[in-house]
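Let me begin by presenting the structure, written as structure tokens, before commenting on it.
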Amino acid sequence: MRKQVFTTPITTLLGIRHPILCGGLQWLADARYVAAVVNAGAMGFITCMSFPGNPEGFRQEVRQCRKLTQGKPFGVSVSIGRRPDIKEVLAPMLNVIVEEEVEFVETSGNSPAWLLDKLKNAGCTVIHKVPAIRYALSAERLGVDAITVISGEAGGHTGHYMNGQIVQGPLAADALACPLVLGGGMGDGRHLISTLAMGADAMMLGSRMVVAEEIWAHRDYKEYVAKLDESASRVVMSTFGKQHRVLDNATARNVVQLEADGITDFQAYQPHVQGSLVREAYRSGNYSQGLIDMGPAGVFAREIKPVEAIIDEIIDTAVAALEAIKQSTVRAEQAVVS
């Protein structure tokens, strides 16, 4: 593990060595993976909705993660979906979080207002993830501890606005007073330097991490991702205002065709958008099926290797980038003097 190079409000808030968060990957972010992230000096989040209808299974995953981190704090990701029964669905998961004394919670999707008091009263640090600054300001007013702002380059659900990080990042840093994380299109140490330069306090990784050895997905899928270029993702479901950036596979192209044909009946899309298809794709390695979350940062996932090696590489690249900036500054100063 690399020594600490950067100290920011996020590293202090979460007690981590590096200003890197690895977001909750649906179906993939389990105890083994999250513990590896934490043990490598970053912060990871178990995805509670990877255990639908099974809060006791989720509880065992939390306990296993604590065992693997030898007691070091870790996080849980809570996606607040739009389904009408979402409060009933999440209630037992929230009980597990509180009862098991999980320290960090990443919330996303709809407003966390209705669950924030429960988590804060239990001593949880809450980081809310949003796709635009207007939502970040609302979350800040609610009293969350930190905010992650994702851009249109992010894999998964990217919101309505689809703003690029190069524009949205500095604007978010200017607009917010609380600690800020930037996600979307991040996958390299140079992105970490640019994140800090834009005024944020950490970067979030998603697609970059799916080739980690600790990720349980089939090796065929990982090897496929390792060969992707930057054009391997596409946005679907814009018809319903739910832009979803996914791997450009057969299922995604079927959905695109339905949208091109002007189909607005959601039932026509149902066979293609089921989460069980994605879980099976990860299990079998058949990456042609399911709407598999993937952003262009997957291009940086060039090799299957342990989480710690990935994090170390990012820190090494960030340090090299910082040194290059310093050298460039020295040359510029010398040119002015001469």
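The values are calculated or read from the model by the stated rules, or taken from the named source; none is laboratory data. Only a predicted model underlies this, so the values are computations on that prediction, with no experimental measurement involved. Ideal geometry is used to build each Cβ from the backbone, glycine not excepted, and the neighbour counts take in all protein chains shown.
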Within region 210-221, is there a residue that is out of contact with any helix residue (DSSP H, G or I) (no Cβ under 7 Å at 6 or more places or on another chain), of a type in the set (D, E), assigned to a loop (DSSP other than H, G, I, E, B) and modelled with pLDDT of 95 or more?
-> yes
List pairs: first in region 260-277 and free of Cβ contacts under 8 Å to residues at least 60 places away in the same chain and surrounded by 12 or more Cβ atoms within 10 Å (Cβ to Cβ), second in a loop (DSSP other than H, G, I, E, B) and among the hydrophobic types (A, V, I, L, M, F, W, C), Cβ under 9 Å, 6+ apart or cross-chain?
-> Y269/M237; Y269/I263; H272/L291; V273/M237; V273/L291; Q274/L291; L277/L291; L277/I292
Residue check, E56 among the acidic types (D, E), in a helix (DSSP H, G or I) and farther than 23 Å from D201 by Cβ | yes
Might you let me know whether region 171-179 holds any residue that is without any contact (Cβ under 8 Å) to a residue 60 or more places away in the chain and closer than 16 Å to S207 by Cβ?
-> no
Within region 297-338, which residues are farther than 23 Å from G156 by Cβ and β-branched (V, I, T)?
-> I315, T317, V319, I325, T329, V330, V336, V337
Go through (1) in contact (Cβ under 8 Å) with a residue 40 or more places away in the chain; (2) not in a helix (DSSP H, G or I) one by one and return the number of the condition R234 breaks.
-> (1)
Of all residues in region 286-338, how many are in contact (Cβ under 8 Å) with a residue 60 or more places away in the chain and of a type in the set (V, I, T)?
-> 10
Which condition number does L277 fail, the rest of (1) in contact with a Phe, Trp or Tyr (Cβ under 6 Å, 6 or more places away or on another chain); (2) in a helix (DSSP H, G or I) being met?
-> (1)
Applying the selection to region 194-250, what residues are on the phi > 0 side of the Ramachandran plot and either surrounded by fewer than 18 Cβ atoms within 10 Å (Cβ to Cβ) or of a type in the set (F, W, Y) (or both)?
-> G199, G241
Filter result for the condition that a residue is more than 14 Å from the chain's Cα centre (by Cα) and on the phi < 0 side of the Ramachandran plot, over A40, A29 | A40
Restricting attention to region 79-101, the residues that are within 24 Å of T11 (Cα to Cα), without any contact (Cβ under 8 Å) to a residue 40 or more places away in the chain and not in a helix (DSSP H, G or I) number exactly 1
Could you say whether any residue in region 78-90 is crowded, with 16+ Cβ neighbours inside 10 Å and within 27 Å of G285 (Cα to Cα)?
-> yes
Applying the selection to region 290-338, what residues are surrounded by 12 or more Cβ atoms within 10 Å (Cβ to Cβ), of a type in the set (D, E) and assigned to a helix (DSSP H, G or I)?
-> E308, D312, E313, D316
